[in-house]
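The values are calculated or read from the model by the stated rules, or taken from the named source; none is laboratory data. Note that this is a predicted model, so its numbers are computed, not measured. All Cβ positions, glycine included, derive from the backbone under ideal geometry; neighbour counts span all protein chains shown. Heavy atoms of the whole protein, side chains included, go into the accessibility calculation; ligands, DNA and RNA do not. Shrake-Rupley method; radii C 1.70, N 1.55, O 1.52, S 1.80 Å.
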Amino acid sequence: MKLSWQGELLSVQPRIRLLRSFDERHHNYLGYCLRVRGVLGEQGGEFLIGIGGTAQAKYVFRCGDVVRGESAPARDPRLEPAEYYKTSGLRLVSRSERPLLNSPPWLEPPPTLEVYRGRGHRRLDPRTYESKCTSCTWGCRMPVEMIVDKWNPTDRRYRVETFCYGPKSCAFYRAGPTRKVPGRKGMTWEEEDWVDEDATAHRGPDD
């Protein structure tokens, strides 16, 4: 059952799911996640709405826009970045008139998912994300599914991780502690700094 909603966009960020299997990882690019402050059904507050890449390309949503639509509750919150998805009836009610400033947090419309894929990300401290980056185009909150034992695919664990796709020179950026991935027979793999350095080695400090 879909619920009608309307509100102001507090952010438009990539909607990406991460699959981990010990030292391997795979990204699933689902679309975009709208953080909305408004009314959903009969409840007011903030909520996360999932939309596809085609919808974002059509409307070019950005922070401050007022938008409405209809969305269904996510079937499995462990695998979905948004609280509501399968969105239809999207409408741009009014366009934001806020100036776009070249400083963090960046509030311009997000690029295509291919651009995010090409840029690569660095881990982002969850506390920094919550305090500084929830509105930024380059921030991303990913649900993570971990295959603990590839010989026993039913043995899976779930968590949420935060990442930054933005310029390396961002004054707000904090990496936070390294992330550890559980493996079979009690083994653990630690994703050290070199992983982020390798993923973003093609970018300069202001890119």
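Numerical summary
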quantity: Test set (1) over 17 Å from residue 6 (Cβ atoms); (2) open to solvent by 20 Å² or more (accessible area, probe 1.4 Å); (3) at pLDDT 95 or above - residue 93 fails condition number; calculated: (1)
quantity: The range 38-58: number of residues that are farther than 14 Å from residue 112 by Cβ, surrounded by fewer than 18 Cβ atoms within 10 Å (Cβ to Cβ) and β-branched (Val, Ile, Thr); calculated: 1
quantity: Pair list, Cβ < 8 Å and 6+ apart or interchain, from the range 148-169 residues that are closer than 17 Å to residue 193 by Cα and among the hydroxyl-bearing types (Ser, Thr, Tyr) to residues that are in a loop (DSSP other than H, G, I, E, B) and open to solvent by 80 Å² or more (accessible area, probe 1.4 Å); calculated: 169/205; 169/206
quantity: Residue 140 being over 19 Å from residue 27 (Cβ atoms) and buried (at least 17 other Cβ atoms within 10 Å of the Cβ); calculated: no
quantity: Hey, residue 88 in a loop (DSSP other than H, G, I, E, B), of a type in the set (Ser, Thr, Tyr) and open to solvent by less than 50 Å² (accessible area, probe 1.4 Å) or not; calculated: no
quantity: Residue, farthest from residue 91 (Cα to Cα), within the range 41-63, restricted to residues that are of a type outside the set (Lys, Arg) and touching a residue at least 40 places away in the same chain (Cβ under 8 Å); calculated: 47
quantity: Candidate set from the range 59-71 (those that are touching a Ser or Thr at 6+ places or on another chain (Cβ under 8 Å) and over 23 Å from residue 18 (Cβ atoms)); member that is most open to solvent (accessible area, probe 1.4 Å); calculated: 68
quantity: Cross-chain or 6+ apart pairs with Cβ under 9 Å, the range 7-25 first and open to solvent by less than 20 Å² (accessible area, probe 1.4 Å), then in a strand (DSSP E or B) and among the polar types (S, T, N, Q); calculated: 16/28; 18/28
quantity: Residue that is farthest from residue 134 (Cα to Cα), among those in the range 153-207 that are open to solvent by 50 Å² or more (accessible area, probe 1.4 Å) and small (Gly, Ala, Ser); calculated: 186
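Per-residue answers, yes or no, for (1) free of Cβ contacts under 8 Å to residues at least 24 places away in the same chain; (2) within 19 Å of residue 55 (Cβ to Cβ):
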{"position": "75", "(1), (2)": "yes, no"}
{"position": "81", "(1), (2)": "no, yes"}
{"position": "97", "(1), (2)": "no, no"}
{"position": "117", "(1), (2)": "no, yes"}
{"position": "125", "(1), (2)": "no, no"}
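Conditions tested, residue by residue: (1) free of Cβ contacts under 8 Å to residues at least 24 places away in the same chain; (2) part of a helix (DSSP H, G or I); (3) more than 30 Å from residue 10 (Cα to Cα); (4) not small (Gly, Ala, Ser).
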position: 131; (1), (2), (3), (4): yes, yes, no, no
position: 136; (1), (2), (3), (4): no, no, no, yes
position: 173; (1), (2), (3), (4): no, no, no, yes
position: 196; (1), (2), (3), (4): no, yes, no, yes
position: 203; (1), (2), (3), (4): no, no, no, yes
